[in-house]
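Below you'll find the structure, written out as structure tokens, and then a few comments.
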Amino acid sequence: EAKTEEINQKLKKNANNLLNFSLEDTNNDVNMYEFMGVDYQKKVEAPKKTKWVELPQREGKKKSYTEDEYYGGVFGRRYRRKKKKEVIRPPKHPNVYDFQFYPAKLKALLQKEMNIWKDACEKKEQELEEKQKQREERQKEREAAAERGEEVEPEEISEDEPESDEPFVGLNKKEQEEKEKLITRGFGNWTKKDFTAFTKACEYYGRNEYDDIARDVGTKTPQEVKQYSKVFWKKIKDLADSKKIISNIEKGEKRIARVEAMISALEEKVASCSDPRNDLEIVYTYSKKAPAYQPEEDRFLLHKTVEVGYGNWEALKNEVRLDIQLRFNWFLKSRTADDLARRVDALIHLIEKENAAKKKKEGNGKRGNGRTASKRQPPRKKRRT
């Protein structure tokens, strides 16, 4: 019990030291700073000054949010120069492009007015420079007089004439009226986007399909397209790339004529028999390889192409899917729209060859050579395996 009481007294005595930990002994029993007879707490020397190596400071980059300065620094280009403020407000001119077909005389008038404006600006700048020189000379005289002790009167500050808000007019009244009249004779409301859409539509539909062209342009009526088209074909040689535009449109029109000829041959062939699904005859030019399509399938494709229209290949594919007689024809049902388009084009090519052979035989018969052309029967073809 005596030992327990001693330990409890010691714990109560050192309770504060346990809560507030410290290396110092409050009872002076043990000195934690003493080692081998040397008290290091008292033996504290002032810290020596150390020389630190100064590192080079990093140069901060200039933060710029201007596109010209950024790309100028990246690609080594010079910054865009600030526009010099004009002494006289320039004349008001429309943007003249070659595809707007303004009269040639308008360009001459606009250039003449710009030359007059430039001369007026140079004259005005010379007057301002002369006034500035006079001011500087008077200022020097006043400074010299002030140094000599003479009384100097302050100079009256004369304000320059304010710049007029009205645009510069360098032409006379007659030329100005002629300029306004010539501006109305061009197509100022036609933009570059409208012009590009017009030329592309001429390639796709033909130069005389004004309704279709106006639908593609989007911002013009068929009457406006017709009016523009007349001037376009009259002055097309004034355009910079006129040869390329004419060549593309002519290629497009040849393609349209070719499609129309194919459609005409197909419709004529299908109309030649009352039941094209069963009675339509196709003259094949066989190769060693067996044909992939059967005659009844070709007849169906030609007959349905006339019904849905040439070029509507998705509709033709849908007809193949819905036809009851072809419900088990997995070969034809598995063909894509592009496959059907290629097959119909090949069949129309056979029809055109057949028509050309008939015309040639008719021409030989008219010459009176006495020969009769025997009808060539196609060989029996093998079924697919």
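Quick notes on this one:
- In this structure, ALA257 qualifies as over 27 Å from the mean Cα position of the chain (by Cα), at negative phi, free of Cβ contacts under 8 Å to residues at least 60 places away in the same chain and open to solvent by less than 70 Å² (accessible area, probe 1.4 Å).
- Screening PHE195 with (1) assigned to a helix (DSSP H, G or I); (2) open to solvent by 80 Å² or more (accessible area, probe 1.4 Å) gives one miss only, at (2).
- Any chance SER247 is modelled with pLDDT of 90 or more, within 30 Å of ASP279 (Cβ to Cβ) and polar (S, T, N, Q): no
- For the stretch 198-215, taking the residues that are assigned to a helix (DSSP H, G or I) and small (Gly, Ala, Ser), the one that is surrounded by the fewest Cβ atoms within 10 Å (Cβ to Cβ) is identified as ALA214.
- Boolean, GLU130 is at pLDDT 85 or above, part of a helix (DSSP H, G or I) and over 28 Å from ALA240 (Cβ atoms): yes
- Identity of the residue in the stretch 62-110, at pLDDT 80 or above and open to solvent by 100 Å² or more (accessible area, probe 1.4 Å), that ends up nearest to LYS230 (Cα to Cα): TYR97
- In this structure, LEU280 does satisfy being at negative phi, touching a Cys at 6+ places or on another chain (Cβ under 6 Å), open to solvent by less than 50 Å² (accessible area, probe 1.4 Å) and not acidic (Asp, Glu).
- The C-beta contact set for the stretch 331-350 (first residue over 13 Å from LYS317 (Cα atoms) and in contact (Cβ under 8 Å) with a residue 40 or more places away in the chain, second residue outside any helix (DSSP H, G or I) and aliphatic (A, V, I, L, M), distance under 7 angstrom, 6+ apart or interchain) comprises LEU347/ILE282; LEU350/ILE282; LEU350/VAL283.
- Among the residues making up the stretch 134-192, those that are of a type in the set (Ser, Thr, Tyr) and either at pLDDT 80 or above or open to solvent by 100 Å² or more (accessible area, probe 1.4 Å) (or both) are THR184, THR191.
The values are calculated or read from the model by the stated rules, or taken from the named source; none is laboratory data. As the structure is a prediction and not an experimental result, all values here were calculated from the model. Cβ atoms come from the backbone with ideal geometry, glycine included; neighbour counts cover every protein chain shown. Protein only, heavy atoms only, side chains kept; ligands, DNA and RNA dropped before computing areas. Shrake-Rupley method; radii C 1.70, N 1.55, O 1.52, S 1.80 Å.
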